[in-house]
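> The structure is given below, and queries will be raised subsequently.
The values are calculated or read from the model by the stated rules, or taken from the named source; none is laboratory data. Note that this is a predicted model, so its numbers are computed, not measured. Here Cβ is always computed from backbone atoms with ideal geometry, including for glycine, and neighbour counts include all displayed protein chains. Heavy atoms of the whole protein, side chains included, go into the accessibility calculation; ligands, DNA and RNA do not. Shrake-Rupley method; radii C 1.70, N 1.55, O 1.52, S 1.80 Å.
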Amino acid sequence: MKWQIFMGVALTAPSYVFAAGNTVPIDVTVDTGSHTCTSIGQDHRAYRDIYAGDGRYFFKEQLAEKTKFGAGNCEYNSDGGGNAYETRSFCVTDADGEKECSQRLVRVIVRAYADCTNNPGKLTSRVGTECRFTATSKKGNPQ
């Protein structure tokens, strides 16, 4: 596994799903940690590259804030370091024997962001954002 750099910040090693089952639950946390604002405009970012696995895709994926202090957010974002998500075409054959294909999400970069806003009154305040990505990784037939 190699490390990737986005906007001068190292991504943690990708989270790969290795599983024999047809469906596998995924629950990944991305956390900036708790920081005290010491300068105006200071921010903290944490990234996590999450991959469904070879021949697999995500479904029922959700990204939510688990905890937040001060300003910040959770989103799919690489901050200009490449695509924040990747899709591939997967096909299924329905009961009538017809093949149906659609784009499915296979990889995401989750960014947790905590911001010491441009407000001098916010100095010495605590900021931190913890994000939670949940999904199910499902085996599929990539096209």
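> Could you work out what % of the accessible surface of segment 38-143 is carbon and sulfur, using a 1.4 angstrom probe and leaving DNA, RNA and ligands out of the count?
42 percent
> Quick one: accessible area per residue over segment 58-143, 1.4 Å probe, rounded to a whole number of Å²?
58 Å²
> For segment 95-100, what does the Karplus curve 6.51 cos²θ - 1.76 cosθ + 1.60, with θ = phi - 60°, yield as ³J(HN,Hα) per residue in whole Hz, taken in order and with x for Gly and Pro?
Once θ is set to phi - 60°, the couplings for segment 95-100 become 4, 8, x, 8, 8, 10 Hz.
> Turning to a different aspect of this structure: Using every pair of alpha-carbon atoms in segment 48-100, split the distances into 10 Å bins beginning at 0 and state the percent of pairs per bin, rounded to integers.
Going from the shortest bin to the longest, the percentages are 15, 37, 28, 14, 5, 1.
> Answer with one residue from ALA84, VAL127, ALA52: the one whose Cα lies farthest towards the positive end of the charge dipole of segment 30-143, charges on Cβ with Lys, Arg +1 and Asp, Glu -1.
So the residue furthest toward the plus end is VAL127.
> Separate question: Accessible area of VAL106, 1.4 Å probe, to the nearest 10 Å²?
0 Å²
> Another question about this same structure. Which whole-Hz couplings ³J(HN,Hα) result when phi for each residue of segment 127-141 is put into the Karplus expression 6.51 cos²θ - 1.76 cosθ + 1.60, θ = phi - 60°, listed in order with x for Gly and Pro?
10, x, 9, 10, 10, 10, 9, 10, 6, 10, 8, 10, 5, x, 10
> Kindly flag which residue pairs out of LYS60/LYS138; LYS60/LYS139; LYS68/LYS138; LYS66/LYS138 have an alpha-carbon separation exceeding 22 Å in this structure.
LYS68/LYS138; LYS66/LYS138
> On to the next question. For segment 38-113, which GluC sites (Glu not before Pro) are in a loop by DSSP, counting at most 15 other Cβ atoms within 10 Å?
Hits after loop and neighbour filter: GLU98.
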